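Working notes, beginning with the structure itself.
The values are calculated or read from the model by the stated rules, or taken from the named source; none is laboratory data. Note that the structure is a prediction, hence the values are computed from the model and not measured. Cβ atoms come from the backbone with ideal geometry, glycine included; neighbour counts cover every protein chain shown.
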Amino acid sequence: MTTTNITKAAQALINDEIIAIPTETVYGLAGNAYSENALKKIFELKKRPFYNPLIVHIKSTAFLDTVASDIPDMAWKLAKEFWPGSLTLVLKKQPHIPDIVTAGKETVAVRVPNHPVALALLELLEFPLAAPSANPFGCISPTTAMHVSNYFKENLEIVLDGGACQNGIESTIIGFENDKPILYRHGSISIEAIERIVGKVQVTTTKNSTPDAPGMLSRHYAPKTSTYLTDNVPELIPSFSGKKVGLLLFKDEITGTENILQEVLSRTGDLAEAAKNLYATMHRLDKSNLDVIIAERLPNKGLGKSINDRLERAIKK
Ligand code: TXA
Ligand code: MG
């Protein structure tokens, strides 16, 4: 079921099937954004609640006004700067966008992915692709074709393999309220980079069960293993004596520990590399039969904020 054949993947989508596709952020579970039938299959396979809307992937900025309307100048500016890329814009939807895509909202989330395979695939299609991350609802997002096949086994005919995702965490989501930019989800593009283009961005802190961006749900991206998050890993280790412990560390291993599995996100302390490795490392730790995972909080700047956001959502509350 894993293939690199883009034509075959396009044909499946034209036949109203759903497939997994690579993007530069994470793998997506994609279907025709104009086909209610395909969209229903996405929700079923992912076990995703219908109140959680999907992101629509278009082939270039030139197609933005085929899915969105009343596009603010700031949105055009951001699209020009970051597309193709890991920025999702939430905009007023065109009337023909099915309600199931937007969870009945008047807005649609849209982006142009920056992955050669995804772009080549979109070129072969006359419709945009709705695609949530290709993981069952609430689980760790996939950054390799193998992660996707492990989740969906025989339930997915095609996993289009585009290698390991370059950025490794989901797109940053920006919407507009009263023409002011508002951040709905931290992601692969830092808020600082966005603020350089549009000035101050307000950050939503909504954490209730029907937030504007359910990527904001408090437990999300979660390993099955109990996970703890701390600024001081050595201090927490003794509380789990006698347990099988795994460490998820930013750049330095902890010395003087025995029989503890240690995973380091970036030995040079590079936040982009840490983001790229985050989910693959979480998948590995989660498969290592541990009793607990202790994750180290990263410096809270740039992509560190996005990584910390994902780690916060991975912990047991
Ligand atoms: O990087 C990504 O964005 C990946 C790749 C596959 O493109 N996709 C992704 O999709 O992360 P998903 O479904 O896992 O997350 C989509 C997020 C959800 O948190 C959803 O609530 C939010 O986008 N969203 C979608 N439509 C929205 C809307 N109209 N208003 C606010 N948030 C919206
Ligand atoms: Mg997701």
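Does Ile14 satisfy the criteria of being surrounded by fewer than 21 Cβ atoms within 10 Å (Cβ to Cβ) and more than 12 Å from ligand 1 (Cβ to nearest atom)? Working first, answer last.
Values: surrounded by fewer than 21 Cβ atoms within 10 Å (Cβ to Cβ): yes; more than 12 Å from ligand 1 (Cβ to nearest atom): yes.
For Ile14, the condition - surrounded by fewer than 21 Cβ atoms within 10 Å (Cβ to Cβ) and more than 12 Å from ligand 1 (Cβ to nearest atom) - is met.
Restricting attention to region 129-140, does a residue exist that is more than 16 Å from ligand 2 (Cβ to nearest atom) and either within 19 Å of the chain's Cα centre (by Cα) or not in a helix (DSSP H, G or I) (or both)? Show your work before the answer.
Here is the first cut: in region 129-140, the residues more than 16 Å from ligand 2 (Cβ to nearest atom) are none.
No, every residue in region 129-140 fails to be more than 16 Å from ligand 2 (Cβ to nearest atom) and either within 19 Å of the chain's Cα centre (by Cα) or not in a helix (DSSP H, G or I) (or both).
Which residue is farthest from the chain's Cα centre (by Cα), if the candidates are limited to region 87-106 and must be more than 26 Å from Asn167 (Cα to Cα) and among the β-branched types (Val, Ile, Thr)?
Residues of region 87-106 that are more than 26 Å from Asn167 (Cα to Cα), as a first pass: 92-100, 103-106.
This time we only want the ones that are among the β-branched types (Val, Ile, Thr), so: 97, 100.
Values: Ile97: 22, Ile100: 20 Å.
This residue is Ile97.
For region 150-168, check the following and say yes or no: at least one residue is among the acidic types (Asp, Glu), more than 11 Å from ligand 1 (Cβ to nearest atom), touching a strand residue (DSSP E or B) at 6+ places or on another chain (Cβ under 9 Å) and not in a loop (DSSP other than H, G, I, E, B).
Applying the first criterion (among the acidic types (Asp, Glu)) to region 150-168 yields 154, 157, 161.
Narrowing the set further to residues that are more than 11 Å from ligand 1 (Cβ to nearest atom) leaves 154, 157, 161.
If we keep only those that are touching a strand residue (DSSP E or B) at 6+ places or on another chain (Cβ under 9 Å) too, we end up with 157, 161.
Filter once more, so that each one left must be not in a loop (DSSP other than H, G, I, E, B): none.
The answer is no; no qualifying residue exists.
Between Ile169, Ile194, which is surrounded by 19 or more Cβ atoms within 10 Å (Cβ to Cβ), away from ligand 2 (no atom under 16 Å from the Cβ) and either modelled with pLDDT of 85 or more or outside the structural domain of Asn114 (by TED's automatic domain parsing) (or both)? So that I can check it myself, show each step before the final result.
Working: Ile169 fails: away from ligand 2 (no atom under 16 Å from the Cβ).
When all the criteria are applied, what remains is Ile194.
Across region 103-125, which residue is surrounded by the fewest Cβ atoms within 10 Å (Cβ to Cβ) among those that are of a type outside the set (A, V, I, L, M) and within 16 Å of ligand 2 (Cβ to nearest atom)?
Arg111
For region 49-84, which residues satisfy the criterion of being among the small types (Gly, Ala, Ser) and either outside the structural domain of Gly138 (by TED's automatic domain parsing) or over 16 Å from Arg196 (Cα atoms) (or both)? Lay out the reasoning, then the answer.
Keep residues of region 49-84 that are among the small types (Gly, Ala, Ser), which gives 60, 62, 68-69, 75, 79.
Residues satisfying the conditions are Ser60, Ala62, Ala68, Ser69.
Taking only region 262-274 into account, find how many residues are more than 18 Å from Asp286 (Cβ to Cβ) and crowded, with 18+ Cβ neighbours inside 10 Å. Break it down stepwise before answering.
So the first thing to find is which residues in region 262-274 are more than 18 Å from Asp286 (Cβ to Cβ), and the list is 266-273.
Subsequent filtering for residues that are crowded, with 18+ Cβ neighbours inside 10 Å retains 266, 271.
Count: 2.
Conditions (1) at pLDDT 95 or above; (2) over 26 Å from the mean Cα position of the chain (by Cα); (3) closer than 21 Å to Ile315 by Cβ; (4) in the same structural domain as Leu298 (by TED's automatic domain parsing), marked per residue:
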residue	(1), (2), (3), (4)
Thr230	yes, no, yes, yes
Leu236	yes, yes, yes, yes
Lys251	yes, no, yes, yes
Thr255	no, yes, no, yes
Glu263	yes, no, yes, yes
Ala272	yes, no, no, yes
Lys276	yes, no, no, yes
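Is at least one residue of region 34-41 touching a residue at least 12 places away in the same chain (Cβ under 8 Å) and under 20 Å from Gly187 (Cβ atoms)? Step through it out loud before you land on a result.
Keep residues of region 34-41 that are touching a residue at least 12 places away in the same chain (Cβ under 8 Å), which gives 34-41.
From what's left, under 20 Å from Gly187 (Cβ atoms): none.
No, because not a single residue in region 34-41 is touching a residue at least 12 places away in the same chain (Cβ under 8 Å) and under 20 Å from Gly187 (Cβ atoms).
Going residue by residue through region 138-149, is there one that turns out to be over 30 Å from Asp73 (Cβ atoms) and either outside the structural domain of Val110 (by TED's automatic domain parsing) or aromatic (Phe, Trp, Tyr) (or both)? Explain how you work it out, then say what you get.
Taking region 138-149 first, the residues over 30 Å from Asp73 (Cβ atoms) are 138-149.
In the following step, the residues that additionally are either outside the structural domain of Val110 (by TED's automatic domain parsing) or aromatic (Phe, Trp, Tyr) (or both) were identified as none.
No.
Can you name the condition, by its number, that Pro49 falls short on among (1) under 18 Å from Lys105 (Cα atoms); (2) within 13 Å of ligand 1 (Cβ to nearest atom); (3) at pLDDT 95 or above?
(3)
Is region 142-153 home to any residue that is surrounded by fewer than 18 Cβ atoms within 10 Å (Cβ to Cβ) and among the polar types (S, T, N, Q)? Break it down into steps so the answer makes sense when it comes.
So in region 142-153, the residues surrounded by fewer than 18 Cβ atoms within 10 Å (Cβ to Cβ) come out as 146, 150, 153.
Okay, now just the ones that are also among the polar types (S, T, N, Q), so 150.
Scanning region 142-153 turns up at least one residue that is surrounded by fewer than 18 Cβ atoms within 10 Å (Cβ to Cβ) and among the polar types (S, T, N, Q).
Could you please find all residues in region 237-253 being touching a residue at least 24 places away in the same chain (Cβ under 8 Å) and assigned to a loop (DSSP other than H, G, I, E, B)? Step through it out loud before you land on a result.
If we filter region 237-253 for residues that are touching a residue at least 24 places away in the same chain (Cβ under 8 Å), which is where we start, we get 237, 240, 243-250.
Across region 237-253, the qualifying residues are Lys243, Lys244, Phe250.
Condition first: closer than 17 Å to Lys200 by Cα and either surrounded by 15 or more Cβ atoms within 10 Å (Cβ to Cβ) or in contact with a strand residue (DSSP E or B) (Cβ under 9 Å, 6 or more places away or on another chain) (or both). Now tell me which residues in region 65-78 satisfy that.
Pro72, Met74, Ala75, Leu78 - these are the residues of region 65-78 that are closer than 17 Å to Lys200 by Cα and either surrounded by 15 or more Cβ atoms within 10 Å (Cβ to Cβ) or in contact with a strand residue (DSSP E or B) (Cβ under 9 Å, 6 or more places away or on another chain) (or both).
Taking region 266-283, which residues are without any contact (Cβ under 8 Å) to a residue 40 or more places away in the chain and touching a Leu at 6+ places or on another chain (Cβ under 9 Å)?
Narrowing region 266-283 to residues without any contact (Cβ under 8 Å) to a residue 40 or more places away in the chain: 266-271, 273-274, 281.
Correct list: Leu271, Glu273, Ala274, Thr281.
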